[in-house]
Amino acid sequence: MLRTMPDGPFRGPLLRAFASHAPEFAAIENGFRDLTSRRHDGETLRRFFASWGQTNNSAMTVAGISNRLTLKLHRGEPVLDPQSLLQALVSLHRIIDEDLAVTHKILHSKMFHIMASDIVGDDAWLQTRYIDRNAADFKTWKDHMSLREPDIALGLLTTLVHEIYTHGEVEFILPLFKQWLVEHFHYTAEDTARPLRWITVHCGGTEKNHFFHAVNTLTHYARAVEVDWDAYDLHGIAGQYLKRKADVLRALFPGHE
């Protein structure tokens, strides 16, 4: 997807960041392969879903960025082009339509709950004690970048990285999870549809569209407040994202490096 993306301030830094973090991608892939190689005990599965969920469910964070944008208008802060700021909000909200069941019938958080609870066998994974420290650190960092950094542009860039990464992750894990449930949990191929719906709804065009909505948000925001994207370290943000995501998988499934 990045290779077919039009040239601009984001394509190059993202391509370089992804190309220079092969060890992180290997750790992530190895972690998912370890997960789906056998039927783990309940405690391992609870730790996985509690921790993985911390790195994925970000609709509230995106909504929080939207709140930050409208607060600029509410407080009367100077905006070069209010119409462009409105267009930034319109694009940003499109990222979370499906997550919040605006355009579909089921909240994505409920789909994740169904998936995790079906595979684990209970919903004890919801207990915070199962969240690995690295996963909690990942969410703290991502929420800080999106909601606490004074410069909202950093939150928008972090969202951009999240959307392009998530597109790759769900496409990679879907066949692994299907085979895992059939071979080790005795599901039929047809029966995997319900627990894996959270993954399948993010495959195909969904996350790809979210990524381009994030790009459009950045474009409109730059017109609204005059941003020079070349002044930002998108390569570094993407690198931090990948390192922290890899740390989660390494912690959950050590022993591959």
Practice problem: Starting from the Cα of residue 110, draw a straight line to each of the lysines and keep only those under 21 Å, dropping any in the same chain fewer than 8 residues away. | Solution: 139, 178
Exercise. Give the Cα extents of the chain along the principal axes, in whole Å, largest first.
Key: 58, 40, 35
Quiz item: What is the set of long-range amide H partners of residue 101 at a cut-off below 5 Å, with H atoms built 1.01 Å from backbone N?
Solution: 108
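Taking each full run of DSSP H in the chain as one helix, which ones are at least 27 Å long along their axis (Cα atoms) and have mean Kyte-Doolittle hydropathy of at least -0.5? Don't skip to the answer; put the middle values down first.
Working: long enough: 152-184 (46 Å, 0.68); 205-225 (30 Å, -0.43); 234-252 (28 Å, 0.01).
The qualifying helices are 152-184, 205-225, 234-252.
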Practice problem: Apply the Debye scattering formula to segment 149-257, with a single equal point scatterer on each alpha-carbon and no solvent, then give log10 I(q)/I(0) at q = 0.11, 0.19 Å⁻¹. | Solution: -0.50, -1.04
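For the peptides 76-86, 208-218, what is the packing order when you average, over each peptide's residues, the other Cβ atoms within 10 Å and list the highest mean first? Mind dumping the intermediate values first?
Details: 76-86: 12.6, 208-218: 21.3.
Result, highest mean Cβ count within 10 Å first: 208-218, 76-86.
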Quiz prompt | Residues whose placed amide H lies under 5 Å from that of residue 21, excluding near-sequence neighbours | solution = none
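Each reported figure results from applying straightforward, stated rules to the coordinates on display, with no laboratory input. All figures in this text were calculated on a predicted structure; none of them were measured in a lab. Cβ sites come from the backbone with ideal geometry, for glycine too, and all protein chains shown count toward neighbours.
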